[in-house]
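Q: Pasting in a structure now, in structure tokens, and then I'll have a few things to ask.
The values are calculated or read from the model by the stated rules, or taken from the named source; none is laboratory data. Everything quoted here is computed from the prediction, not taken from an experiment. When we count neighbours, we look across all protein chains shown, and the Cβ atoms used for this are built from the backbone with ideal geometry, even at glycine. Ligands, DNA and RNA are stripped out before the accessible areas are found, and what is left, the full protein with its side chains, is counted by its heavy atoms. Shrake-Rupley method; radii C 1.70, N 1.55, O 1.52, S 1.80 Å.
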Amino acid sequence: EGLVDMDRLRAEFPVLRREVNGRPLVYLDSAASAQKPQSVIDAELDCYQHYYANVHRGVHTLSQEATTAFEGARSEAQRFLNAPSEREIIFLRGVTEAINLVAHSFVAPRVGPGDEILVTHMEHHSNIVPWQLVCERTGAQLRVVPIDDNGDVDLETVRGMIHERTRLVSVVHVSNALGAVNPVAEIAAMARAQGVPVLLDGAQAAPHLPVDIQELGVDFYAFSGHKAYGPTGIGVLWGRYEHLAGMVPYQGGGDMIRHVSFSGTEYAAPPARFEAGTPNIAGAIGLGEALRYIDAIGRERIAAREEDLVNHAAEAIAAVPGVQLIGRPQRRAGAVSFVMEGTHPNDLAMLLDEQGIAIRAGHHCAQPVMERFGVPATARASFGVYNTHDEVESLVVGLEKIRRLFG
Ligand code: PMP
């Protein structure tokens, strides 16, 4: 397993000690949500046990300690993305809320009939539906970059689709349904050459790949804590300060104002402007710890080890009789989607669960991908830092067993 001591690493994840249906758990569903190391659980617990209070504006000790820890998590996120400033880090519930914020507050006020928003055919619903809502309200049009039979986008096609009416390019960094890693830096460079801002959905990239928003050259980047070994209900939107400073918030309430009166309200500066209400305090603190956890292992190292694992998994799964991969992208991270002839993906997932193996079956919130490949659903095995080649082997043995049953 390369330079990582896998026994030690796995021991940090308490859930991996449990059995499911009398078998050691083989957790291959990290793309839906990742398991948490003890340090993340402890960080959240420690907050609730020792210094929990509402953040900001408090003069008492607990409130100050909670605020320090909460804002410390913000610096952790800034460092994680290599963002120029903490003021550019907005805590939200996750990618879904992040994209909805950009849709309401950045894109909707800037588009009208004839304007275009560009996405790809492999987006998660959370990078489709918010734009459809904007288009309905404004008369703008959603345009879709096609994907080929491998599940890749063609850069020249992208180039041809960006023009003077394009108001935003919004692309998934790594596809949750196909595992495809998109050439996002190249796409961002093309958009920038035309003065078009770029948003990246980093839900499946943040846990697996180094992410440097300055190197990527984008305008907005979103990821969810729960997929990056952090708590649920907390995520990050990074945006260029000059964009954030010009955006009107779409949620109003406490903590996002400078001054309120019935004759008019002045908003706070970003990020507070976009964080109305009491935030997920302990969640943010847990997320900060998760980002520290990832960097303690090292993102280059994680990426290299996982690339080897996921490519091995794709090959081994494809070699099972009757199995067909959905998507054979040039570069893969995190996930492998597949179907087995004569067996519904749901049945596959159920039969694997009987052997203690957790995979996901369904449309993975990417119905256009299912339609593109002519399947109603796929089975998806997805991987995290804790997965091993032995677990890939267990999956393959499980699939072969099912194949013999049905084949
Ligand atoms: N984009 C991608 C690629 C995803 O995989 C997911 C989660 N499945 C999301 C967006 C949405 O993330 P969340 O549910 O945490 O808002």
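Q: Every residue in region 201-212 that is touching a helix residue (DSSP H, G or I) at 6+ places or on another chain (Cβ under 6 Å), more than 11 Å from the ligand (Cβ to nearest atom) and either part of a strand (DSSP E or B) or open to solvent by 20 Å² or more (accessible area, probe 1.4 Å) (or both), please.
A: Pro210
Q: Here's a follow-up. Looking at Val181, Val198, Val171, which is the one that is open to solvent by 10 Å² or more (accessible area, probe 1.4 Å), touching a strand residue (DSSP E or B) at 6+ places or on another chain (Cβ under 8 Å) and either more than 16 Å from the ligand (Cβ to nearest atom) or β-branched (Val, Ile, Thr) (or both)?
A: Numbers: Val198 fails: open to solvent by 10 Å² or more (accessible area, probe 1.4 Å); Val171 fails: open to solvent by 10 Å² or more (accessible area, probe 1.4 Å).
Answer to the check: Val181.
Q: In addition: For residues that are surrounded by 19 or more Cβ atoms within 10 Å (Cβ to Cβ) and touching a strand residue (DSSP E or B) at 6+ places or on another chain (Cβ under 8 Å), tally how many sit in region 332-354. Can you show your working first?
A: Of all residues in region 332-354, those surrounded by 19 or more Cβ atoms within 10 Å (Cβ to Cβ) come to 332-340, 343, 345, 348-349, 352.
Cutting the leftovers down to touching a strand residue (DSSP E or B) at 6+ places or on another chain (Cβ under 8 Å) gives us 332-340, 345, 348-349, 352.
Count: 13.
Q: Right, next: So how many residues does region 116-125 have that are open to solvent by 10 Å² or more (accessible area, probe 1.4 Å) and either away from the ligand (no atom under 13 Å from the Cβ) or outside any loop (DSSP other than H, G, I, E, B) (or both)?
A: To start, the set of residues in region 116-125 that are open to solvent by 10 Å² or more (accessible area, probe 1.4 Å) comprises 116, 121, 124-125.
Checking the rest, the ones that are also either away from the ligand (no atom under 13 Å from the Cβ) or outside any loop (DSSP other than H, G, I, E, B) (or both) come to 116, 121, 125.
Residues meeting the conditions: 3.
Q: I need the full set of residues from region 159-177 which are under 22 Å from the mean Cα position of the chain (by Cα) and farther than 20 Å from Gln204 by Cα, in order please. Spell out how you get there, then give the answer.
A: Going residue by residue through region 159-177, those that are under 22 Å from the mean Cα position of the chain (by Cα) are 168-177.
Result: Leu168, single match.
Q: Taking region 213-256 on its own, how many of its residues are more than 11 Å from the ligand (Cβ to nearest atom) and either part of a helix (DSSP H, G or I) or farther than 18 Å from Asp201 by Cβ (or both)?
A: Count: 22.
Q: So which residues in region 79-97 are within 21 Å of Arg299 (Cβ to Cβ), within 16 Å of the ligand (Cβ to nearest atom) and either part of a helix (DSSP H, G or I) or modelled with pLDDT under 95 (or both)?
A: Within region 79-97, just Val95 meets the criteria.
Q: Restricting the search to region 169-189, which residues are part of a strand (DSSP E or B) and under 20 Å from Glu156 (Cβ atoms)? Explain how you work it out, then say what you get.
A: Step one: filter region 169-189 for residues part of a strand (DSSP E or B), giving 169-172, 174, 180-181.
Answer for region 169-189, where residues must be part of a strand (DSSP E or B) and under 20 Å from Glu156 (Cβ atoms): Val169, Ser170, Val171, Val172, Ala180, Val181.
Q: Here is a further query. Hey, can you tell me all the residues within region 98-115 that are outside any loop (DSSP other than H, G, I, E, B), in contact (Cβ under 8 Å) with a residue 40 or more places away in the chain and away from the ligand (no atom under 16 Å from the Cβ)?
A: Ser105, Phe106, Val107, Pro109, Arg110
Q: Take the conditions open to solvent by 10 Å² or more (accessible area, probe 1.4 Å) and touching a Ser or Thr at 6+ places or on another chain (Cβ under 8 Å) and apply them to Gly254. Does it pass? Steps first, answer last, please.
A: Values: open to solvent by 10 Å² or more (accessible area, probe 1.4 Å): yes; touching a Ser or Thr at 6+ places or on another chain (Cβ under 8 Å): yes.
So Gly254 fits the description; yes.
Q: If you check every pair at least six apart or on different chains, which have Cβ atoms under 9 Å apart with a residue in region 261-280 that is within 19 Å of Ser105 (Cβ to Cβ) and of a type in the set (Val, Ile, Thr) first and a residue that is open to solvent by 50 Å² or more (accessible area, probe 1.4 Å) and at pLDDT below 95 second?
A: Filtered contacts from region 261-280: Thr265/Gly252; Thr265/Ile257; Thr265/Arg258; Thr265/His259.
Q: Okay, moving on. Among the residues of region 28-73, what is the count of those that are open to solvent by 60 Å² or more (accessible area, probe 1.4 Å), over 17 Å from Ile234 (Cα atoms) and of a type in the set (Asp, Glu)?
A: So the count comes out to 2.
Q: Next up: If I go through region 298-325 residue by residue, how many of them are among the basic types (Lys, Arg), over 19 Å from the mean Cα position of the chain (by Cα) and buried (at least 17 other Cβ atoms within 10 Å of the Cβ)? Outline the logic, then answer.
A: Of region 298-325, the ones among the basic types (Lys, Arg) are 299, 301, 305.
Within this subset, residues satisfying the condition of being over 19 Å from the mean Cα position of the chain (by Cα) are 301, 305.
Adding the requirement that they be buried (at least 17 other Cβ atoms within 10 Å of the Cβ) leaves 305.
Total satisfying the criteria: 1.
Q: Does region 139-162 hold any residues that are open to solvent by 10 Å² or more (accessible area, probe 1.4 Å) and assigned to a helix (DSSP H, G or I), and which are they?
A: Result: Leu155, Glu156, Thr157, Arg159, Gly160, Met161.
Q: May I ask you to say which residue of Glu136, Glu76, Glu86 is within 22 Å of Val236 (Cβ to Cβ) and surrounded by fewer than 18 Cβ atoms within 10 Å (Cβ to Cβ)?
A: Working: Glu136 fails: within 22 Å of Val236 (Cβ to Cβ); Glu76 fails: surrounded by fewer than 18 Cβ atoms within 10 Å (Cβ to Cβ).
On inspection, the qualifying residue turns out to be Glu86.
Q: Taking Val369 as the residue in question, decide whether it is among the aliphatic types (A, V, I, L, M), in a helix (DSSP H, G or I), open to solvent by less than 20 Å² (accessible area, probe 1.4 Å) and in contact with a Gly (Cβ under 7 Å, 6 or more places away or on another chain). Even if it seems obvious, please write down each step before you answer.
A: Numbers: among the aliphatic types (A, V, I, L, M): yes; in a helix (DSSP H, G or I): yes; open to solvent by less than 20 Å² (accessible area, probe 1.4 Å): yes; in contact with a Gly (Cβ under 7 Å, 6 or more places away or on another chain): no.
Spelling it out, it is not the case that Val369 is among the aliphatic types (A, V, I, L, M), in a helix (DSSP H, G or I), open to solvent by less than 20 Å² (accessible area, probe 1.4 Å) and in contact with a Gly (Cβ under 7 Å, 6 or more places away or on another chain).
Q: Given the options Glu307, Glu315, Glu300, name the one that is acidic (Asp, Glu) and closer than 23 Å to Asp154 by Cα. Can you show your working first?
A: Details: Glu315 fails: closer than 23 Å to Asp154 by Cα; Glu300 fails: closer than 23 Å to Asp154 by Cα.
Just a single option satisfies the conditions, and that option is Glu307.
Q: Now for a separate question. Restricted to region 314-355, and to residues that are assigned to a strand (DSSP E or B) and free of Cβ contacts under 8 Å to residues at least 24 places away in the same chain, which residue is nearest to Asp29 (Cα to Cα)? Outline the logic, then answer.
A: The initial filter retains those residues of region 314-355 that are assigned to a strand (DSSP E or B), namely 323-325, 332, 335-340, 343.
With free of Cβ contacts under 8 Å to residues at least 24 places away in the same chain added as a condition, the list becomes 324-325.
Working: Gln324: 19, Leu325: 17 Å.
Top of the filtered list is Leu325.
Q: If you don't mind, another one. On the basis of being open to solvent by 60 Å² or more (accessible area, probe 1.4 Å), more than 16 Å from the ligand (Cβ to nearest atom) and outside any helix (DSSP H, G or I), does Thr265 make the cut?
A: So Thr265 passes the test.
Q: Further question: Return yes or no: is Leu16 buried (at least 16 other Cβ atoms within 10 Å of the Cβ), within 16 Å of the ligand (Cβ to nearest atom) and either at positive phi or at pLDDT 95 or above (or both)? It would help to see each step written out before you state the result.
A: On the way: buried (at least 16 other Cβ atoms within 10 Å of the Cβ): yes; within 16 Å of the ligand (Cβ to nearest atom): no; either at positive phi or at pLDDT 95 or above (or both): yes.
In short, no.
Q: Is one or more of the residues making up region 262-275 hydrophobic (A, V, I, L, M, F, W, C) and under 24 Å from His226 (Cα atoms)?
A: Pass one, region 262-275, residues hydrophobic (A, V, I, L, M, F, W, C): 262, 268-269, 272, 274.
Adding the requirement that they be under 24 Å from His226 (Cα atoms) leaves 272, 274.
The answer is yes, given that some residue of region 262-275 is hydrophobic (A, V, I, L, M, F, W, C) and under 24 Å from His226 (Cα atoms).
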